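The next block holds one structure in the form of C-alpha cells; read it before the comments.
Any read-out appearing in this document is the output of simple, stated calculations on the displayed coordinates, not a laboratory observation. The model shown is predicted, which means the values in this text are computed figures rather than measured ones. Don't worry about glycine lacking a Cβ; one is built from the backbone with ideal geometry, like all the others, and counts go over all protein chains shown.
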C-alpha cells in the first residue's frame, strides 16, 4: 500500500500514521527516537517499509525500529512532501478491512488530513464448480434437477446457469445459498436448477467472484427416445384366406391394431 502527501505552503511534516480501522499499526514521526514504529495488529504483518521524504530515502525491513543508527538530524529537517510504501505478508481474511493514512503538519497549525481505502482479500476456489444430480438419460416429461457447488472461496462466489448458451429462466433457478466452513471461515455457494428434460442441451454453471475470477462446468442433458415395439406378422399360403396383424406401441400410448385379409 502507498500513501503520498504534499503539504501546503509554510507547513512541515509532523507525522505519518497508518490505520486498520481505528487501530494504528505504523507511524513515522521525525521528532521521535526512533521515528519509525510498528504496532501489533491482527491480520497486519509488515514485511518492509519504504519512506521517501524529499531527497531522503529510508528502507525498513520488517518491524524493527532500530535499523538506522543516526536519525537525530530528522527532527531538525523540514519535510514538505513524501511517500510511504508498506508491504504486508502472511495475508489472511483478517487482513481485509478499511485502511487509512493520516498526515499531520507540525506546529503551530497541526493540520491533519486522512485518506481511506478498502483492502479486499480474495480467495479463489481450488477446483472448478461441481455439478451433481445429472442422469445418463431422461424420459419424456421428466424434470432435470441439478445442484452446483463452488467451495472454499472469499468472498462467496456468484453462481449462474446457462442452457445451450442462453441464461436459464429465473423460474427454474433457486436462490444461491451460502455456508461458512467452520475451520477456514471460507464460504461455499450452492444453487439448484430444475428444468424440463430436452432432446439435448448443454447446461453450464458459471462461478464468478467480483471481476477477478470466473470458472464454469458443463454437463450434457439428453432425453431418451422411447423404442418402437416389435412388428408381429402372420401370413398364410396363397389360395386361402390370409391375414396379418401389426401392433405398434409407444410406452404409455394406446395399442393400435391393424388387420387385413386377402381372399382368392
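With 5 Å bins from zero, work out the P(r) of region 2-119 over every alpha carbon pair and list the percent per bin.
2, 11, 23, 25, 20, 12, 6, 2, 0
Quick one: which of 23-33, 87-97 comes out on top by average Cβ neighbours within 10 Å, and what's the full order, highest first?
Working: 23-33: 17.5, 87-97: 14.4.
Packing proxy ranking, top to bottom: 23-33, 87-97.
Quick one: compute the contact order of region 138-207, relative version, from alpha carbon pairs under 8 angstrom and 6+ residues apart, as a percent.
Details: 131 pairs, mean separation 33.2, N = 70.
Worked out over region 138-207, it gives 47 percent.
Whole Å is fine, so just give me how far the alpha carbon centre of region 147-177 lies from that of region 61-139.
When both Cα centres are located, 32 Å separates them.
Quickly rank 125-138, 9-22 as a protection proxy: mean count of other C-beta atoms within 10 Å, highest first. Walk me through the numbers before you get to the answer.
Details: 125-138: 13.9, 9-22: 16.7.
My ranking of the peptides, most packed first, is 9-22, 125-138.
Run the simple label-point estimate for residue 98 and residue 137 please: 7 Å along Cα→C-beta, distance reported in nm.
Going by the 7 Å Cα→Cβ label model, 6.1 nm.
Starting from the eigenvalues of the Cα gyration tensor, five times each then square-rooted, give me the equivalent ellipsoid semi-axes of region 130-222, largest first, whole Å. It would help to have the intermediate numbers written out before the result.
Values: eigenvalues 134, 35, 23 Å².
Three semi-axes, in Å: 26, 13, 11.
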